[in-house]
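Undergrad: So that we are looking at the same thing, I have put the structure below in structure tokens.
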Amino acid sequence: MNPPSVQDLLAADSHAVPAPLLDDSWLDQGLGGIPRSRYTSAEFAALENEFLWTRTWQFACLEAEIADPGDYVVYDVADQSLLVTRGPDGSVKAFHNSCLHRGTKLRDDDGRAKSFRCPFHGWRWDLEGTLVELPANWDVPQVWEDPVASCLPEALVAVWAGFVFVNMDLEGPMPEPAETTVLPPEADWHEAPGMGGLAAVFEQDMANLPKVQAGLKSQGKRTVSFARYQEGRFRHMHRLMDRHIEAGLVADGRDPAVLDPHCA
């Protein structure tokens, strides 16, 4: 008889278990080494940029970093760059950090601004992403003819519990807001709603770890170390990334086997 899995234990819990913990995504990560190409291959980096960084939700900044209108943070990932800013109405927007004229980067560092002016030819957009100034407009009269096309392209934005997330895929799903509870300073984390019996389980696991390590050591086996734990986490992270890239390749009718040289 196989020992109970974590999901079996959660199902038997007499308290309500938070829904995210019931989302079982276990995959065998294998024991082989992680290929160096995941960190050095230009081909793999291009796949990440095409199917991961431009199509998934990512943490960009804290709301506290853009507390007032005009505050902005430059969020760079791979060869993409966004301006995450607080608008005059208090809303948070994320614009592609690139001039629509020649592609010059509008800002390199975080800061505060009343508008975003291109340092090359001086095109200027307001905090809503609307083009408001066009030097030598006689040379490009067609730009004013389509006000929508002259706006800075945006990315999706979601704010949760003071965290700002962005997604460059405008057709991507918006995340459902999750309930949050702010505990008073004197409260213990055990008191957070929805913890159920998990708090006791977590503490029991930590209490058992030294005993497990001692038992393994007494039998001449390798103990559970932080390094091995981190290696497991990296393997899991890589596999999650691969799933996004594989799905994108298949959707585009391309062979997902191009990933094989970069997988453990």
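Undergrad: Output the residue which, of all residues in the range 13-31 that are under 15 Å from M237 (Cα atoms) and of a type in the set (G, A, S), is modelled with the highest pLDDT.
TA: For the range 13-31, the residue satisfying everything is G30.
Undergrad: If you take the residues of the range 241-251 that are among the charged types (D, E, K, R) and closer than 15 Å to A46 by Cα, which of them is surrounded by the most Cβ atoms within 10 Å (Cβ to Cβ)?
TA: So the residue we want is D242.
Undergrad: Let me ask something else. I'm trying to understand the selection: among the residues of the range 129-140, which are within 17 Å of N97 (Cβ to Cβ) and either assigned to a strand (DSSP E or B) or more than 37 Å from the chain's Cα centre (by Cα) (or both)?
TA: Within the range 129-140, just L131 meets the criteria.
Undergrad: Quickly run through the range 47-103 and pick out the residues that are polar (S, T, N, Q) and either in contact (Cβ under 8 Å) with a residue 12 or more places away in the chain or not assigned by TED's automatic domain parsing to the domain that holds R117 (or both). Steps first, please.
TA: Quick first cut of the range 47-103, residues polar (S, T, N, Q) only: 49, 54, 56, 58, 80-81, 85, 91, 97-98.
Scanning the range 47-103 gives N49, T54, T56, Q58, Q80, S81, T85, N97, S98.
Undergrad: Just give me the residues in the range 90-136 being at pLDDT 95 or above and acidic (D, E), in sequence order.
TA: Residues satisfying the conditions are D108, D109, D110, D126, E128.
Undergrad: Here's a follow-up. Does E145 meet the test of being within 30 Å of A94 (Cβ to Cβ), without any contact (Cβ under 8 Å) to a residue 12 or more places away in the chain, within 16 Å of the chain's Cα centre (by Cα) and not assigned by TED's automatic domain parsing to the domain that holds L22?
TA: In short, no.
Undergrad: Restricting to the range 107-128, give me the number of residues that are of a type outside the set (A, V, I, L, M, F, W, C), assigned to a loop (DSSP other than H, G, I, E, B) and either surrounded by 14 or more Cβ atoms within 10 Å (Cβ to Cβ) or touching a helix residue (DSSP H, G or I) at 6+ places or on another chain (Cβ under 6 Å) (or both).
TA: 4
Undergrad: Take D79 and decide whether it is surrounded by fewer than 16 Cβ atoms within 10 Å (Cβ to Cβ), out of contact with any Asp or Glu (no Cβ under 8 Å at 6 or more places or on another chain) and either at pLDDT 95 or above or hydroxyl-bearing (S, T, Y) (or both).
TA: Spelling it out, it is not the case that D79 is surrounded by fewer than 16 Cβ atoms within 10 Å (Cβ to Cβ), out of contact with any Asp or Glu (no Cβ under 8 Å at 6 or more places or on another chain) and either at pLDDT 95 or above or hydroxyl-bearing (S, T, Y) (or both).
Undergrad: Based on what the data block shows, is S91 surrounded by 14 or more Cβ atoms within 10 Å (Cβ to Cβ) and of a type outside the set (K, R)?
TA: So S91 fails the test.
The values are calculated or read from the model by the stated rules, or taken from the named source; none is laboratory data. What you see is a predicted model; the values in this text were computed from it and never measured. So basically every Cβ, Gly included, is an ideal-geometry build from the backbone, and we count neighbours across all protein chains shown.
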